[in-house]
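Participant: Would you mind keeping the following structure in view while I ask a few things?
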Amino acid sequence: MSRQNKSDIVYEYILLAESEIKKRWTEPTIVDILRHLTERGIVEPKRLRNYMIIYDFDCMLRFNEGNRTHTFMDLSIKYDISERQAQSIVYKDRNKERPSVNITY
């Protein structure tokens with residue numbers, strides 16, 4: 001059985017990351033933590049962008065009164081991507097936000 005997504009391996013990594021981050025900053029903020037993870041190549045900048053696209057989608061959808069077409073158009077303009085790319089990110093990557101998809105218990 002593969003151990004790459006097992007909860008004990010994830011927890012071990014979290015402890016390692018905590019140690020590295022505390023050596024670098026005495027009182028790290030979330031910005032410091034994300035910067036550290038991105039600089040180390042652990043979190044891809046593209047994943048952060050996709051997270052922001054999903055977050056903006058939810059906010060813009062309320063502003064656009066539930067009109068998905070206008071929301072995807074707004075996202076494509078803001079992030080300089082096609083409307084189809086924005087749709088793919090929102091519909092496919094949203095699933096990746098659930099812990100059960102990322103960690104095997």
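The values are calculated or read from the model by the stated rules, or taken from the named source; none is laboratory data. Model, not experiment: these values are computed from the prediction. So basically every Cβ, Gly included, is an ideal-geometry build from the backbone, and we count neighbours across all protein chains shown.
Participant: Could you identify the single residue in 46, 23, 6 that is surrounded by 11 or more Cβ atoms within 10 Å (Cβ to Cβ) and basic (Lys, Arg)?
Facilitator: Residue meeting the stated conditions: 6.
Participant: If you don't mind, there's one more thing I want to ask. Based on what the data block shows, is residue 38 among the polar types (S, T, N, Q), under 23 Å from residue 95 (Cβ atoms) and within 17 Å of the chain's Cα centre (by Cα)?
Facilitator: Considered against the rule, which asks whether it is among the polar types (S, T, N, Q), under 23 Å from residue 95 (Cβ atoms) and within 17 Å of the chain's Cα centre (by Cα), residue 38 comes out as yes.
Participant: Right, next: Has the range 62-78 got any residue that is of a type in the set (Phe, Trp, Tyr), touching a Lys or Arg at 6+ places or on another chain (Cβ under 9 Å), surrounded by 11 or more Cβ atoms within 10 Å (Cβ to Cβ) and at pLDDT 90 or above?
Facilitator: yes
Participant: Would you mention how many residues in the range 1-56 are of a type in the set (A, V, I, L, M), farther than 30 Å from residue 74 by Cα and part of a helix (DSSP H, G or I)?
Facilitator: 7
Participant: Could you please let me know if residue 42 is at pLDDT below 90 and among the hydrophobic types (A, V, I, L, M, F, W, C)?
Facilitator: Considered against the rule, which asks whether it is at pLDDT below 90 and among the hydrophobic types (A, V, I, L, M, F, W, C), residue 42 comes out as yes.
Participant: Another one. Could you give every pair whose Cβ atoms fall below 6 Å, whose first residue belongs to the range 1-28 and is modelled with pLDDT of 80 or more, and whose second residue is in a loop (DSSP other than H, G, I, E, B) and of a type in the set (Phe, Trp, Tyr), counting only separations of at least 6 or pairs across chains?
Facilitator: Once the first residue is modelled with pLDDT of 80 or more and sits in the range 1-28, no partner that is in a loop (DSSP other than H, G, I, E, B) and of a type in the set (Phe, Trp, Tyr) comes close enough.
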